[in-house]
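The values are calculated or read from the model by the stated rules, or taken from the named source; none is laboratory data. Predicted model only: the values in this text are computed from it and were never measured. FYI the Cβ positions are ideal-geometry reconstructions off the backbone, even for glycines, and counts take in every protein chain you see. Remember, those area values only see protein heavy atoms, side chains included, never the ligands or the DNA or RNA. Shrake-Rupley method; radii C 1.70, N 1.55, O 1.52, S 1.80 Å.
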Amino acid sequence: VNGHRLRLVALDDGYEPARTVPNMRQLLEKEKVLAVIGDVGTPTAIAALPIAIEQKTLFFAPFTGAGLLRKNPPDRYVINFRASYDEEIAAMIDALIDGSGLQPRDVAFFTQRDSYGDAGFSGGIAALQRHGLQDANQVLHVRYERNTLAIENALATVIYAEHTPRAVVMVGAYGPCAKFIKLAHEAGLRALYLNVSFVGSNPLASELGPLEVPVVVTQVVPHPLDSEVPIVREYLADLKSFDSEMKPGFGALEGYIAARVMVAALERIPGEPTREGVIDALEGLGEFDLGLGKKMLLGPQQHQASHRVWPTMLRNGAFVPFSWVNITKLMGGGESRRP
Amino acid sequence: VINLPHHAKRIVWLVRSLTALGLLMIVIAVGLLGGTLSAMRKQRTQLALTENELKETAEQLSHSAWESRAEIMSILGDATLGADGQNSIAGLNDFVRGHLAAQPDPLVVPVLLELKTLAGNLAALREGAVAWRVRYDVVRSDSDTERTIGRVRSLITQLHGIMEVAQGSLRLDEATKYRRWRESSGEEARRQAEAILTARGQQEIREFDVFDHELQELALLVELLGGEQQLDHLADLKENQIKPVLDRLSRASFNLGTKGSAVVTTTAQTIEQLKIGIIGESGNRDQAGPSGLFDLCREALELNRDREKCINEAATVRHGIDAAIATFAQVAQTRIAELARKMERDVAFDWRRMMLVGSGCAVLFLWLAWIISRRIREQVQVLERARAESDADRQTAQKLMLEQQGAAAELAAIHQNLRESEQRFRLLSASAPIGIFHCEAAGGCLYCNPEWEKIAGMSVADSLGDGWRRAIHPDDQAAVMEEWIRSANSGRSFDSEFRFRWLSGETRWVHSRSVPLRSETGELLGHVGTVEDITQRRQIEIEFTRARDAALESVQLKSRFLANMSHEIRTPMNGVIGMTNILLDTSLTAEQREYAETIRTSGEGLLAIINDILDFSKVEAGKMEFEMLDFDLQETVEGTLELLAETAQAKGIEFAGFVDPHVPRHLRGDPGRLRQVLTNLLSNSIKFTAIGEVALRVALVSESDAEAELEFRVSDTGIGIEAESRRTLFEAFHQADASTTRKYGGTGLGLAICKQLVERMGGQIRLESTVGKGSTFIFTVKLEKQSAFEPALNGDHALVNARVLIVDDNETSGQFLHEQVVAWKMRNGTVRNGADALERLRQAAREGDPYPLAIIDMKMPEMDGLALARAIKADADIADTRLVLMTEFGRRLTVEELRNVGIADWRNKPVRQSLLFDCLAGVMIGVPKPRTETPSAKTSRSRRSERVLIAEDNAVNQRVALGQMRKLGYTADVVGDGFEVLQSLDKIAYDIVLMDCHMPEMDGYEATAAIREREGAGKRTWIIAMTANAMSGDREQCLAAGMDDYVSKPVRLDDLAAVLERAHCELSIQAEGPAVDPQTLATLRELPGEGEKNILERLVSIFCESGPLALQELSAALTRQDAAGVSLIAHTLQSSSGQFGASRLQEYCAELEIAGRDGNFEPMGRLIASAQNELQRVLATLQPELPNSNV
């Protein structure tokens, strides 16, 4: 970029916050990197954030939608690419209530018992309250312990419920979510299951196997095979030239777009880039278009480039693009099977 | 005169011989002195050499010994071992051997020989230490303990997971059936309903709960095991707590499903693994099998014990060496003293010799001098006689002349005086810095001096007559004239301050005084007066007032600043002390524990200082508030004593207190402030007293109907205070002297605060002290008497006239006890030791009036309390004496120990008056109360069901609070401000909120108000305020804001436990929810029945008979102490109440079942009573379901 060569230093923390800290120290103090890009996960981001702020280094496009990284006014040293969990869940709720005419009490929540699950649930309640929910206690909310598959109690509570939910919003890992869906199906619960992007679409699809259940996963990037979108086309071409064996995926595409935003900012720096200079350049991007189908916006008060959410649905063991317009049809499919 | 040459010649000759004699004497003296001095110098040099050599040797020895010990300590320490270890002990050995070879002094030889032996011991000890170190390194490098505890934890989690899944599956199964029933109808529905009723799901779900409960218990025990510091506790933990839980788990695991099912098998296997993990394969660590957690913990503790032993031995050897070195130094001292004595002898001999020669010479010299003086006097007498005759004539002429001169001078002086007086008046009047005037009786001015012109701003000419009145300021004129006339009429002098206005318009303040002049008949002749310009003084006064206001404001600012500072310091101090407490509760090495203890005591010390400063600033700013409460003086004094007893007794000081029986008990005032003064003085005394006693005595000074003046004396046997220091002692920032501050610490504010407090309570404080003997602080306070108070002890009680013997070696304690029992009208004897006690008891028995009761102090020299008790019980004549033992805090005596020696009852010193009375009365009547050891706080912690939300903005304090909660067994979450509290309460129904009052965004008061508003009349969240403001009035503010309780920061674990316990009690009273779950009831109600009765009716009618019957049987089983019966009946009742969802009744039954299984009768009575109450509630809810009850 402008005669400088970019170097990517990749360190693995194995999703363990305890390993994040030494990694961050190495990147910022030994490698003296320009910026940190693409950290994965909420707990790791919570561990990394104080170090980035202390060292005044940009923490760019972390792979999480947690509200903690989206303060208002924003932290100078945190800039996001993707939509937040709140936005993903708000999109689901909007579609469920407005699109398919459900009442707030028709929606149940199945969440992981930690900060990730809390974030999802409070976002959902906020969205439901916008749609006229009066009493948060009306909404059925069941939970499970992180790192376990013990979801039976939660499911039993849902089935016992006076009012059987017609949609279940899930904020959890793919294992327990898949188990919940399977057992619920066996128990005769007919509902639409909606997951946030973090669940991991591919492992969820392979866990569910050939099961015929309506499952939606919201994404924060377009479908990686949707070559209608210009940036996806460019991604597929670049991926092929980089390694023809590698399979395209949602996560990889998110990383690709984040890197493209970074490069777009770096190109605007005439001389030697500095840590502060990178942030100024990103904030200076203003409204810009990388062919995502919608323009992105970055500025001193605007530290999240994209707010868009792309829904996908399970079909034949894989997740395919899907439009919220069709949600009633998807629900109706569930409805028709009721005795 | 003619004989002069002849006499002169003789005198000259005599003087020459005198000179020669003198010279000779000097030569002899110098010779003798020189010789002696040179001999002395030689000896002194030798002495210094010897002294140095011996001193150096001792120093080197001491240094080597210190190094050797340090080396052993470093081996035993945690630091890694240096390679050059052997040198210092070998060095010590070589050193001793070398000196043994070179030093011929017979006195030193045995000391050196002993040192040699000790050095050998030291070397052996070092070998032992190295061996220990090798073992220690092996254990330390092997992280088995951590790994094992990790494995055990993960096994427990795994088991919990299995339970969770299995229980969940059952519930899911049931839910599915329930759903099918709901969605079906007719025959199908009925089949589904029966399927639900016949399934044993509910039963199994309960079994899982039981299992999970045991599992939680086990998890807690494992953590306790890992942190246990005492070997005997460790074994106890394993045998009496962990093993039974494991066994119960094993048993419970068989109830989890059908035999051979996957759950039962997996569970059994996992429990087996847990057993191995905790107890080990064979329970024997010599076996090859993997060691259990218990063995690992035991090994670590044993190592620690061995190390302590090594350190103790090293200390013993080192004391030996120190003693030997001291002997060595003593020998050296002896040698030096010998040499010094020899020198002294030599000097004395030389001195005598010199005196002899000197006195001979002196006699000769004096004789010669006498002869010379006689010759000279003869000559002088002849000359004197001739001169006296000529002097007499001259003196007569001089006398006449002087008399004439005197008369003329006297006349001139009178004239001069008159002139000078006139002159002086003019000069004074003209140059006086004040205006002077003279008026006639009517007020017309006759004279004024030039200064008047300057002050009045008008010329002398203008002022004459009535002109002067124009100088007075128009506003003041009327008042001045009135005063003027009044003073003239009354004959008083005029004295007033008023204003002049100059013609130029300028205003001046003046001070004028005048006196009326009167003739001898009393007629008014006029006035003479002065006028003084005081404008400048006025200005200064105004400025002064302004400056004083500014100073007052700055004092206010200072006090506010101090209050703020104290808040700011207390917040981080909460972090320091809280975290340290939590740290102390983790497993630490002895060294780490010592460091952490130091941090904690330092922190608490710092906090005390901050409190002092805050108090002081409040006193200084006049902000100290006094409450006016009814209180019990006895209670206040005894409470204070109890609080400090442990500290005093830990120092080995006798600690006693006594309130004179004449002192009224029921008073009004501020008990908190009184306690503050007492605590301050008592802890001061304890601090400065190393041996002996600290005693408090309260006496009545005077008394009226409404008021009593009391005198408190706090006396100690400490270091005492010098007279000079006593004056400044009660001033702020003073201690007795600077070195005291260095040695004992402290701000020097305590006594200043005491003085202020006492004076505010209408009293005085003073001090009597003898340096080295001790001090007595005496203060008085005036307190109101309560209007209504119950009369003193009824005259007729069990102790009247009973004879009691007090055995206490400490005079004060004995005296206090004596006065107390005398006040109770007992007949008393007091002795100081065990032998006298036996003698007195026997004598009384012989005389036919035996002592039925004896109060014995535990801690006595020669024969202690237990020994005395044994001796008394061994003597048949006096064995009937009933014995009460006075023990100290922290002295652990078991009930058996005391009962075995025949002690009837015992109390800790200082004992509360009321407790002592109960104790003595109980013993006299012969029914000592059954005493059980109260369980310590540590063992009683168990998992609490309340969910707690902590609102605290400081991150460190958040962690402290979380840690304390975990320690107390509560599940807690934490948020940072009031808004977050409200958000969290929306999601989770917390039972308790710990609320920091000062938070950003929304503070605790606002948040509480918002919570209360939302709750309305519904469920009430228990809110506990936490605040770092130690000001009184905070509590009221918190309660007014709607909070329920209050704890002050830094939050101490004990305080927290107390407020949470209170919350727990209140909440459990509140939480009497519905006796029967309405949803379950509704479900049952809808079930179709057979014949005319539906299922619910049938169930209810059965239960209404069986329930009360079951409770009767329970009571009967308890009466015949049939634990198995209780367990069985409780189990049945639990099942039958479960079908209605009567969860509280179920809980009581479950607890009864457990108590029955454990054979624990203690809680049964209470539980059965609770169950009985609850059953009534359940029946009341159920009975309307029966058709005939509706009629």
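So B:Glu980 fits all but one of (1) without any contact (Cβ under 8 Å) to a residue 12 or more places away in the chain; (2) within 14 Å of chain A (Cβ to nearest Cβ); what number is the exception? (1) is the only condition that B:Glu980 fails. Of the residues B:Glu627, B:Glu638, the single one that is under 19 Å from B:Ser715 (Cα atoms) and in contact (Cβ under 8 Å) with a residue 40 or more places away in the chain is B:Glu638.
Which one of B:Arg508, B:Arg537, B:Arg492 is surrounded by fewer than 16 Cβ atoms within 10 Å (Cβ to Cβ), among the charged types (D, E, K, R) and closer than 18 Å to B:Ala432 by Cβ?
Matching residue, one of B:Arg508, B:Arg537, B:Arg492: B:Arg537.
Counting residues in region A:123-138 that are within 9 Å of chain B (Cβ to nearest Cβ), open to solvent by less than 50 Å² (accessible area, probe 1.4 Å) and over 23 Å from A:Lys182 (Cα atoms) gives one or more.
Scanning region B:1031-1041 for residues that are open to solvent by less than 20 Å² (accessible area, probe 1.4 Å) and modelled with pLDDT of 75 or more yields a total of 1.
On the given criteria, is B:Ser429 closer than 17 Å to B:Ser512 by Cα, over 60 Å from the mean Cα position of the chain (by Cα) and of a type in the set (S, T, N, Q)? So B:Ser429 fits the description; yes. Taking the numbered list (1) touching a Gly at 6+ places or on another chain (Cβ under 6 Å); (2) surrounded by fewer than 24 Cβ atoms within 10 Å (Cβ to Cβ); (3) away from every other protein chain (no Cβ under 14 Å); (4) among the β-branched types (Val, Ile, Thr) in turn, A:Thr148 passes all entries but (3). Scanning region B:164-191 for residues that are more than 10 Å from chain A (Cβ to nearest Cβ) and outside any helix (DSSP H, G or I) yields one hit, B:Ser185. Whenever a residue of region A:115-127 is more than 16 Å from A:Arg105 (Cα to Cα), its partners that are open to solvent by less than 40 Å² (accessible area, probe 1.4 Å) and not in a helix (DSSP H, G or I), lying with C-beta atoms within less than 6 angstrom and at least six residues away or across chains, give the pairs A:Gly117/A:Thr111; A:Gly117/A:Val171; A:Ala119/A:Ala66; A:Gly120/A:Thr111; A:Gly120/A:Val171. Inside region A:5-40, residues that are outside any helix (DSSP H, G or I) and either out of contact with any helix residue (DSSP H, G or I) (no Cβ under 9 Å at 6 or more places or on another chain) or without any contact (Cβ under 8 Å) to a residue 40 or more places away in the chain (or both) make up a count of 17.
All but one of (1) within 14 Å of chain A (Cβ to nearest Cβ); (2) open to solvent by less than 20 Å² (accessible area, probe 1.4 Å) hold for B:Ala129; which doesn't? If we test B:Ala129 against (1) within 14 Å of chain A (Cβ to nearest Cβ); (2) open to solvent by less than 20 Å² (accessible area, probe 1.4 Å), just (1) comes out false.
Output yes when any residue across region B:132-145 is in a helix (DSSP H, G or I), more than 30 Å from B:Glu338 (Cβ to Cβ), within 14 Å of chain A (Cβ to nearest Cβ) and of a type outside the set (D, E, K, R), and no when none is.
The answer is no; no qualifying residue exists.
One residue stands out in region B:950-970 among those that are over 18 Å from B:Asp1055 (Cα atoms) and outside any loop (DSSP other than H, G, I, E, B): the one that is nearest to the other protein chains (Cβ to nearest Cβ), namely B:Ala955.
State which residue pairs qualify: first residue open to solvent by 20 Å² or more (accessible area, probe 1.4 Å) and inside region B:708-728, second residue of a type in the set (Lys, Arg) and not in a helix (DSSP H, G or I) in any location, beta carbons under 6 Å apart, and separation of 6 or more residues or different chains. Listed pairs, sorted by first residue: B:Glu709/B:Lys782; B:Arg713/B:Arg697. Of all the residues in region A:76-120, those that are within 14 Å of chain B (Cβ to nearest Cβ), among the aromatic types (Phe, Trp, Tyr) and surrounded by fewer than 22 Cβ atoms within 10 Å (Cβ to Cβ) number 0.
Restricting attention to region B:798-811, and to residues there that are open to solvent by less than 30 Å² (accessible area, probe 1.4 Å) and not in a strand (DSSP E or B), which single residue is nearest to B:Leu838 (Cα to Cα)? Among them, the one singled out is B:Asp808.
The residue that is farthest from A:Thr328 (Cα to Cα), counting only those in region A:153-172 that are open to solvent by less than 10 Å² (accessible area, probe 1.4 Å) and either away from chain B (no Cβ under 11 Å) or of a type in the set (Asp, Glu) (or both), is A:Gly172. Going through (1) closer than 21 Å to B:Ala48 by Cβ; (2) at pLDDT below 80; (3) open to solvent by 60 Å² or more (accessible area, probe 1.4 Å) one by one, B:Arg345 falls short only on (2).
Here B:Ile609, B:Ile599 are screened, and the one residue that is closer than 30 Å to B:Arg560 by Cβ, open to solvent by 20 Å² or more (accessible area, probe 1.4 Å) and hydrophobic (A, V, I, L, M, F, W, C) is B:Ile609. Among residues that are touching a residue at least 60 places away in the same chain (Cβ under 8 Å), polar (S, T, N, Q) and open to solvent by 20 Å² or more (accessible area, probe 1.4 Å), B:Asn574 is not included. Could you say whether any residue in region B:1137-1156 is closer than 22 Å to B:Leu1081 by Cα, in contact with a Gly (Cβ under 7 Å, 6 or more places away or on another chain) and either open to solvent by less than 20 Å² (accessible area, probe 1.4 Å) or of a type outside the set (A, V, I, L, M, F, W, C) (or both)? Yes - at least one qualifying residue is present in region B:1137-1156.
For B:Arg285, the stated conditions do not hold, so it cannot be described as surrounded by fewer than 19 Cβ atoms within 10 Å (Cβ to Cβ) and at pLDDT 70 or above. Residues considered: B:Met995, B:Met1026, B:Met999. Of these, the only one that is open to solvent by less than 50 Å² (accessible area, probe 1.4 Å) and assigned to a loop (DSSP other than H, G, I, E, B) is B:Met999. Inside region B:469-478, residues that are open to solvent by 30 Å² or more (accessible area, probe 1.4 Å) and either under 16 Å from B:Val531 (Cβ atoms) or of a type outside the set (A, V, I, L, M, F, W, C) (or both) make up a count of 5. Taking the criterion of being within 14 Å of another protein chain (Cβ to nearest Cβ), outside any helix (DSSP H, G or I) and more than 21 Å from B:Arg180 (Cα to Cα), no residue of region A:173-225 qualifies.
If the condition is being without any contact (Cβ under 8 Å) to a residue 24 or more places away in the chain and open to solvent by less than 90 Å² (accessible area, probe 1.4 Å), then region B:513-534 contributes B:Val515, B:Leu517, B:Ser519, B:Gly522.
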